[in-house]
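Scroll down for the structure; my scribbles are underneath it.
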Amino acid sequence: MTMPLVHAQHGRCQAERCDRTPCFRIEVHDPPGTLIDGKTANACADHLGATVRDLSRWAATATLIEGYIQVCVIDGRPGSADSLPEGTLLPASWPFANIPLI
Ligand SMILES: [Zn+2]
């Protein structure tokens with residue numbers, strides 16, 4: 001299981017019309033350890049399920065080898081990354097779920 005990188009400044013949940021700070025990083029990997037370009041999202045707790053569902057729907061239409069969705073917790077503690085330059089990438093805190101797609 002690979003540790004994804006996320007922007008130190010987390011921005012906002014990527015769900016439509018949501019401006020909460022994201023707590024989760026959702027990625028589609030195929031094959032294991034290989035991130036599929038453009039198939040990542042940061043989401044708040046309220047939109048985690050919908051984001052996983054959307055990526056699962058996409059995966060059902062794709063040709064995958066050993067695809068899975070990896071969900072990681074983002075360390076969103078206030079002040080933890082405030083002093084870092086804009087655009088700095090940090091490891092997400094920890095992966096806690098792998099959801100097979102095949
Ligand atoms: Zn949200």
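Can you tell me which of 65-74, 49-58 comes out highest on packing, and rank the rest after it, using the mean Cβ neighbours within 10 Å?
On the way: 65-74: 18.3, 49-58: 15.0.
The most tightly packed comes first, giving 65-74, 49-58.
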Fewest first, what order do ASP30, ASP46 take by the number of other Cβ atoms within 10 Å? ASP46, ASP30
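Here, each number is a calculation from the coordinates, and none is a lab measurement. All figures in this text were calculated on a predicted structure; none of them were measured in a lab. Every residue, glycine among them, receives a Cβ derived from its backbone with ideal geometry; neighbour counts consider all protein chains shown.
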